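Enquirer: One structure is given below, represented as structure tokens, and several questions about it will come after.
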Amino acid sequence: MAMSSEDLIKKREIRFCHLHPDKNQARSALLLLSDAEGIIDVQYGDALCLYVSYDVRLLTLQAIENVLIRLGFHLDSRLLSRMKRALYIYSEDTQRTNLGCSEITDTTMVFVNRQAKGNRCRDRRPEHWRKYL
């Protein structure tokens, strides 16, 4: 059974927890994800919601969320959100296995390299000041 390109492009909602010092996590994540490899489109929903479109052959929701968590974002952990994420992760892993795609390596470096190129998310404080906060 051949897959159409529509089946390979996933459109997902990423929800963030409201108990975070950054009250606009979605805007910060949008700036981070906007030029990452595999991300097709990122749209701002509201302060706690982000809509992401990506190619499942290159990225998965789990990889995107793992990077966001490593960078300090807090995802919504309510039951419905966790159930949706589990279903998406399972279906994307199954689809990637059926397509014969290899395991996704650590994607953190894709986002970190993007951040190092000088986008607006980069911490502009001198190195010695960062240790004190």
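Enquirer: For a Förster distance of 25 Å, can you work out the FRET efficiency between the beta-carbons of Asp22 and Tyr90, rounded to the nearest 0.05?
Expert: Between Asp22 and Tyr90 the formula returns 0.25.
Enquirer: Same structure, new question: Arrange Ser77, Ser91 by Cβ neighbour counts within 10 Å, fewest through most, would you? Please list the in-between numbers first.
Expert: Working: Ser77 11, Ser91 14.
Least to most surrounded, the residues fall as Ser77, Ser91.
Enquirer: Remind me, what semi-axes does the stretch 1-69 give for its equivalent ellipsoid, largest first in whole Å, using sqrt of 5 times each Cα gyration tensor eigenvalue?
Expert: Numbers: eigenvalues 119, 23, 21 Å².
So the three semi-axes of the stretch 1-69 are 24, 11, 10 Å.
Enquirer: Another question, then. Find the centroid of the Cα atoms in the stretch 13-33 and in the stretch 43-66, then give the distance between the two in whole Å.
Expert: Here the two parts' Cα centres lie 12 Å apart.
Enquirer: Using the number of other C-beta atoms within 10 angstrom as an exposure proxy, rank His74, His18 with the fewest first. If you can, show how the numbers build up before the last one.
Expert: On the way: His74 16, His18 11.
Least to most surrounded, the residues fall as His18, His74.
Enquirer: Related question: Would you mind working out the magnitude of the charge dipole of the stretch 1-60 relative to its Cα centre, with +1 at each Lys and Arg C-beta and -1 at each Asp and Glu C-beta, to the nearest 20 Debye?
Expert: Numbers: 7 positive and 9 negative charges, 43 e Å.
So the dipole magnitude of the stretch 1-60 works out to roughly 200 debye.
Each value in this text was obtained by applying a stated rule to the coordinates, not by laboratory testing. Since the model is a prediction, treat every value here as computed from it, not as a measurement. Positions of Cβ are generated from backbone atoms using ideal geometry, with glycine treated the same way; all protein chains shown enter the neighbour counts.
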